[in-house]
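First up is the structure itself, then whatever we jot down about it.
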Amino acid sequence: MEWNLRIKEANLAEVIAEKPAEIRKRGREKGGKYKEGEMKNLMRISILALTMLFPFVGPADALVLDLLGDKDGFGKGVPIGDGYHYTQYGAYWDDNRGPGDPPFTDYWYTGDKSWTHTYVLPVEPLVSAELEIYFAGIADYADWSADVWAAGVKVGTIPGIPEYSTPYGGSHDLTRLLAFNLTGLLTGSTSITIDVSYSGDGYIIDYSELRGITAVPEPSTLLLLGAALIGFAGFRRKFKK
Ligand SMILES: [Ca+2]
Ligand SMILES: [Ca+2]
């Protein structure tokens, strides 16, 4: 989590060493007049305190930019997460697609798959972006793997894993919740390709979700901060009388 707020040129050691109460007391003794820099230090202390409160007031926005497919466990209600056996819920080569499901989801079949996310970028700049794919069908061929491409850039590889036996089939039906870093690649339309090394084995995708994170605090946070600063300004005026 990153915060945009910075206390510019503040010498914190100096600020903290000078207690606000002492500054105010001196101000009163001089008929409300402050030494040059004292009021700035009071302001800095206030901003520092508000900065420390920020994580409890509101996080940076995490936005779902686009979701393709539905989160229905490959159309079979498989829980979402790593290590479930797809064949405990459905047979290989099933077509579980419902009305409106994109062709690359909820359907176990072979070969490369491609799709495109289209979305509107937020006004605030994105500090990071991530693609989440819920996937099952990790091949039992030792040399199987799949490269994942986004906007023409290779963003990761889904490795094959060694075969082992279970009541519901081998490792080739295991689920994986995959995440790829797409920071800096988003333009409003992003093509995704899964490029398999061996096209004779199948797999299934539940959904593909594109998310972005902005560093800008929520409007409610900014309102709170603004109200606090206005309150401080009023306090300052009162003191000067
Ligand atoms: Ca579905
Ligand atoms: Ca689905």
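The values are calculated or read from the model by the stated rules, or taken from the named source; none is laboratory data. Fair warning: this is a prediction, and the values are worked out from it, not measured in the lab. With ideal geometry, Cβ positions are generated from the backbone for all residues, glycine too; neighbour counts draw on all protein chains shown.
Looking at the structure I just gave you, is L210 in a strand (DSSP E or B) and either modelled with pLDDT of 95 or more or in the same structural domain as V155 (by TED's automatic domain parsing) (or both)? Reasoning before the result, please.
Values: in a strand (DSSP E or B): yes; either modelled with pLDDT of 95 or more or in the same structural domain as V155 (by TED's automatic domain parsing) (or both): yes.
The answer is yes for L210.
When the stretch 137-167 is filtered for residues that are more than 20 Å from T116 (Cα to Cα) and modelled with pLDDT of 75 or more, the ones remaining, listed by number, are G137, W144, S145, P159, G160.
Reported count of residues in the stretch 80-92, each being surrounded by 17 or more Cβ atoms within 10 Å (Cβ to Cβ) and assigned to a helix (DSSP H, G or I), is 2.
Answer yes if at least one residue in the stretch 62-77 is more than 10 Å from ligand 1 (Cβ to nearest atom), part of a loop (DSSP other than H, G, I, E, B) and touching a His at 6+ places or on another chain (Cβ under 9 Å), and no otherwise. No, the stretch 62-77 has no match at all.
Among the residues of the stretch 161-200, just one is charged (D, E, K, R) and more than 32 Å from the chain's Cα centre (by Cα), namely E163. Among the residues in the stretch 222-241, are any modelled with pLDDT of 95 or more and of a type outside the set (V, I, T)? No, the stretch 222-241 contains no residue that is modelled with pLDDT of 95 or more and of a type outside the set (V, I, T). Checked against (1) more than 30 Å from A62 (Cα to Cα); (2) within 16 Å of ligand 2 (Cβ to nearest atom), T166 passes all but a single condition, namely (2). The residues in the stretch 93-108 that are surrounded by fewer than 15 Cβ atoms within 10 Å (Cβ to Cβ) and either more than 10 Å from ligand 2 (Cβ to nearest atom) or hydroxyl-bearing (S, T, Y) (or both) can be counted, and the count is 5. A Cβ distance below 8 Å, combined with a sequence gap of six or more or placement on separate chains, defines the contacts here; from the stretch 149-174, residues that are assigned by TED's automatic domain parsing to the domain that holds S189 reach residues that are assigned to a loop (DSSP other than H, G, I, E, B) and among the polar types (S, T, N, Q) in the pairs A151/T187. Restricting the stretch 163-197 to residues that are among the charged types (D, E, K, R) and in a strand (DSSP E or B), the residue that is surrounded by the fewest Cβ atoms within 10 Å (Cβ to Cβ) is D195. I'd like the full set of residues that are more than 8 Å from ligand 2 (Cβ to nearest atom) and either modelled with pLDDT of 95 or more or closer than 11 Å to D206 by Cβ (or both), limited to the stretch 67-83. Correct list: L67, L68, K76, G77, V78, P79, I80, G81.
In this structure, does P122 turn out to be loosely packed, with under 14 Cβ neighbours inside 10 Å and in a loop (DSSP other than H, G, I, E, B)? Criteria not met by P122. Got at least one residue in the stretch 98-109 being more than 15 Å from D66 (Cα to Cα), at pLDDT below 95 and of a type in the set (S, T, Y)? So far as the stretch 98-109 goes, yes, one or more of its residues are more than 15 Å from D66 (Cα to Cα), at pLDDT below 95 and of a type in the set (S, T, Y).
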